[in-house]
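First comes the structure, then the notes that go with it.
The values are calculated or read from the model by the stated rules, or taken from the named source; none is laboratory data. The structure displayed is predicted, hence computed values, not measured ones. Cβ coordinates were reconstructed from backbone atoms using ideal geometry, including for glycine residues, and neighbour counts include every protein chain displayed.
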Ligand code: COA
């Protein structure tokens, strides 16, 4: 067998697969359209971020109001969709599999020309889907728990509505702000696996909805979006602060992955984890989750000192959602509810400057076989 060429790259590490103006990991932070995530998460709401990602600039007041109104209109799900969601929720599937099927079905209810991948049409479809995403996640969650979905309230933000819909209880201003910040932090992230998936599907000039369904399938995995739920499972398994050190030592000795730790690109820490760690402390204290917060900090410190590995966005996000009263089965779907904004922006960009993705595989199998008649095999 020939030697594997140096250009072969398992995991495509450091491979530049496209150009993009949307987001990038820059120095020690993350930029959306040139603004740092620290600046954006402090000063902008999720609706503003969606506008920024899609349009390339921050909206003025009139633009934001008009855009939010359009986006919020699609929070009202079609009535014929509700029994479908109820049936999907009643299956035994993983929440992300339910979400995948639900979004795929929602696409079928769109009677417009969804095959039209022009900029104007893809933006129209993205508005329809991005506004509906939270209500779909919330309805699936409530049906799964034997509860009726809660209707959207016009004039309220996506963050407010989602918390109200999923919990059946209006959020405080502080809760709304924290959840809104979590949405902002998850909105886009350069060429991560699900975004790359969306761009690969888009590169075939497939339709917008297919691009997003492909991305959802990719986000589902525990090495990607599934890690936030896995962190909470890990905290439960550890049980208490007193057992943290032994758990981490065992993970290091036995080369077990500690969920929410490590990142392909950030080697000095993920800025989104730093923001969530700081913002979540007060809410965790109020929710009686201070010990869990301290456990995470201890895991973080130990992994950093022993392995040089730092937390990623998923490390603190699960605890934030728990403190907000969201159950862990909904964590990865709510990652998607934010990331749909970034996937959409990236798909617009892919369609605008397209070439089909078609890399090569280095063949390591045999090349000299001949077919034997079936009776002789
Ligand atoms: N716990 C323990 N060790 C880890 C680790 C973790 N979470 N993440 C990476 N490592 C170790 C690897 O075992 C490897 O060690 P080795 O060189 O001794 O074999 C080294 O760090 C490099 O890791 P690698 O798996 O090559 O990193 P990657 O770039 O391929 O993968 C992640 C990046 C994020 C998938 C990986 O860090 C991971 O699986 N993290 C846990 C899941 C997670 O939190 N995902 C959310 C991502 S936002």
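Every listed requirement among (1) surrounded by fewer than 16 Cβ atoms within 10 Å (Cβ to Cβ); (2) more than 26 Å from the chain's Cα centre (by Cα) is met by residue 237 save one, (2). Residue 223 falls short on exactly one of the conditions (1) surrounded by fewer than 19 Cβ atoms within 10 Å (Cβ to Cβ); (2) under 26 Å from residue 54 (Cα atoms); (3) modelled with pLDDT under 95, and that condition is (2).
Taken over region 29-73, the criterion of being buried (at least 19 other Cβ atoms within 10 Å of the Cβ), in a helix (DSSP H, G or I) and touching a strand residue (DSSP E or B) at 6+ places or on another chain (Cβ under 9 Å) is satisfied by 37, 40, 49, 52, 53. Please indicate, with yes or no, whether at least one residue in region 198-216 is within 30 Å of residue 113 (Cβ to Cβ) and at pLDDT below 95. Checked region 198-216: no residue is within 30 Å of residue 113 (Cβ to Cβ) and at pLDDT below 95.
Check region 295-312 and report whether any residue there is part of a loop (DSSP other than H, G, I, E, B) and more than 16 Å from the ligand (Cβ to nearest atom).
Taking region 295-312 first, the residues part of a loop (DSSP other than H, G, I, E, B) are 308-310, 312.
Add one more test, that the residue is more than 16 Å from the ligand (Cβ to nearest atom), and what stays is none.
No - not one qualifying residue is present in region 295-312.
State which residue pairs qualify: first residue within 16 Å of the ligand (Cβ to nearest atom) and inside region 1-13, second residue in a loop (DSSP other than H, G, I, E, B) and modelled with pLDDT of 80 or more in any location, beta carbons under 7 Å apart, and separation of 6 or more residues or different chains. So the pair list comes out as 8/362; 9/15; 13/264. Got at least one residue in region 6-23 being modelled with pLDDT of 95 or more and not in a loop (DSSP other than H, G, I, E, B)? Yes - at least one qualifying residue is present in region 6-23. Checking each residue in region 167-177 for being surrounded by fewer than 20 Cβ atoms within 10 Å (Cβ to Cβ) and touching a residue at least 60 places away in the same chain (Cβ under 8 Å) picks out 167, 169, 174. Among the residues of region 257-279, the one identified as under 14 Å from residue 306 (Cα atoms) and exposed (fewer than 15 other Cβ atoms within 10 Å of the Cβ) is 257.
Evaluating residue 76 against the criteria (1) free of Cβ contacts under 8 Å to residues at least 40 places away in the same chain; (2) exposed (fewer than 14 other Cβ atoms within 10 Å of the Cβ); (3) assigned to a loop (DSSP other than H, G, I, E, B) leaves one unmet condition, (1).
Does residue 104 fit the bill of being touching a helix residue (DSSP H, G or I) at 6+ places or on another chain (Cβ under 6 Å) and surrounded by fewer than 18 Cβ atoms within 10 Å (Cβ to Cβ)? Don't jump to the end; show me each part of the working.
Values: touching a helix residue (DSSP H, G or I) at 6+ places or on another chain (Cβ under 6 Å): yes; surrounded by fewer than 18 Cβ atoms within 10 Å (Cβ to Cβ): yes.
Here the answer is yes, as residue 104 does meet what is asked.
Candidates 193, 159: the one that is touching a helix residue (DSSP H, G or I) at 6+ places or on another chain (Cβ under 7 Å) and either surrounded by fewer than 19 Cβ atoms within 10 Å (Cβ to Cβ) or modelled with pLDDT under 95 (or both) is 193.
Restricting to region 321-336, count the residues that are assigned to a helix (DSSP H, G or I) and crowded, with 20+ Cβ neighbours inside 10 Å. Talk me through it step by step, then tell me what you get.
To start, the set of residues in region 321-336 that are assigned to a helix (DSSP H, G or I) comprises 321-323, 328-336.
Next, only the ones that are crowded, with 20+ Cβ neighbours inside 10 Å stay: 321-323, 330-336.
Going through region 321-336 one residue at a time, the tally reaches 10.
Looking only at residues in region 31-58 that are in contact (Cβ under 8 Å) with a residue 60 or more places away in the chain and under 24 Å from residue 203 (Cβ atoms), the one that is nearest to the ligand (Cβ to nearest atom) is 32. In this structure, residue 251 does not qualify as over 12 Å from the mean Cα position of the chain (by Cα), part of a helix (DSSP H, G or I) and touching a residue at least 24 places away in the same chain (Cβ under 8 Å). Go through the residues of region 264-278 one by one and say whether even a single one is farther than 24 Å from residue 94 by Cβ and either away from the ligand (no atom under 15 Å from the Cβ) or more than 23 Å from the chain's Cα centre (by Cα) (or both). Checking region 264-278: at least one residue is farther than 24 Å from residue 94 by Cβ and either away from the ligand (no atom under 15 Å from the Cβ) or more than 23 Å from the chain's Cα centre (by Cα) (or both).
Screening the candidates 288, 318, 342, 365 for the property of being under 28 Å from residue 161 (Cβ atoms) and outside any helix (DSSP H, G or I) yields one hit, 288.
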